[in-house]
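The values are calculated or read from the model by the stated rules, or taken from the named source; none is laboratory data. Predicted, not measured: the structure shown is a model, and the values here were computed from it. For accessibility, only protein heavy atoms count, side chains too; no ligands or nucleic acids. Shrake-Rupley method; radii C 1.70, N 1.55, O 1.52, S 1.80 Å.
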Amino acid sequence: DTITAFSKGTLFMGARQSLLYTTISGGIGMFTPIQYRSMANMLQTVESELRMCMHEEDTLPKCSLTGRYQLLRRSACGQTVKGIIDGQFCLDAFTALPADQQARIADIVDKSVEELLKAIKSAMQIL
């Protein structure tokens, strides 16, 4: 999807500033800074592990209504994405994984599956 407009702002009074964008197909998105480095590192690890699951075993569900992998659009120009974590992908893909793979990823970041899921959900609620 092609981004058509950017705007710096907040969604409500008292929220942290974010970069809001709209796309040509009507999508709305937001880039929000993560306050704590430890949270960013954990989410980066989870996302990279989910990417490996997707490429290794092809067991990761498509995570979209169109049946296409969500991460394929992230590097459409052949450049790797740096410094950005797709929280929605982490949430959707992690919850769709089988319990044994969830446990393996949770062990890598030294959390239980429930703690990791709670951490991902809390990161998604940061505005």
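Annotations
- Net lengthening on full extension, Val113/Asp100 (0.36 nm per residue, minus Cα-Cα): 3.7 nm
- Where Ser25, Ser112 fall by accessible area, highest first, once all protein chains stay in place (1.4 Å): Ser25, Ser112
- For Glu115, the solvent-accessible surface computed with a 1.4 Å probe is close to 100 Å², ligands and nucleic acids excluded.
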